[in-house]
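Just so it is clear, none of the values below were taken in a lab; they were calculated from the coordinates. Since the structure is predicted, the reported quantities are computational estimates derived from the model, not experimental observations. Positions of Cβ are backbone-derived with ideal geometry, glycine not excepted, and every protein chain shown enters the neighbour counts.
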Amino acid sequence: MVYHDPCYLGRHNKVYTPPRELVQSVPGVNFVEMERRGSKSFCCGAGGARMWMEENLGTRINVNRSDEALDTGAEKIAVGCPFCNVMLNDGVTMRKQEGTAQESIEVLDVASLLLARAIARRREVAVRLALGSSRSRLVRQLLTESVALAALAGLFGLLVSFWGRDAMLAL
């Protein structure tokens, strides 16, 4: 799995590590990086209202960024922004239609990864409880992780909400 840094979460708010930690915490994930990442990341193409433009000259920005993600060999592309999700999905879909990308490639929002991790963790705790592990220790551990997951989800939601509001005002 590869992670695309959204402009507002990354370059504008300097949030680079938490999304990567989340992606890397998903069991069985082989995390890879794109060449342009972090503070030197490349835009998905939605910025400046380009999401609603048709580019006829050169390569579309979202296709360029999708190609960078696909070139890593990752089966999944994680994003932390709804606009990036649309743009990279469009680029990947275009490459699938051309036959240059596998049908199994997916673009996922990190919020869905957070949810999947929380569900998997709750199942794990339920199994441990059923097998007779210390209930109080597991409950404390689960509560601590739940608070951390809720805080991380709140941070993502807040930043996406903030970015969405700014994007609407710019239009």
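Could you bin all the Cα-Cα distances of the range 2-83 into 10 Å bins starting at 0 and give me the percent of pairs in each, rounded to whole numbers?
For the range 2-83, the binned pair fractions read 17, 50, 28, 5, 0 percent.
By the scheme Lys and Arg +1, Asp and Glu -1, what is the net charge of all other residues having a beta-carbon under 13 Å from that of residue 32?
-2
What lysines could a cross-link reach from residue 96, if we take a straight Cα to Cα line under 20 Å and drop same-chain neighbours fewer than 8 places away?
76
Please compute the Kirkwood hydrodynamic radius over the range 73-127, one decimal place, Å, based on all pairs of different Cα atoms.
So the Kirkwood estimate lands at 12.6 Å.
So who's got an amide H within less than 5 Å of the one on residue 78, skipping anything under 5 residues away but keeping other chains? H placed 1.01 Å off N, in plane.
Counting only residues 5 or more places away or on other chains, the set is 2, 3, 4, 108.
GluC sites (Glu not before Pro), restricted to the range 1-53: which are DSSP loop and have at most 15 other Cβ atoms within 10 Å?
33, 35
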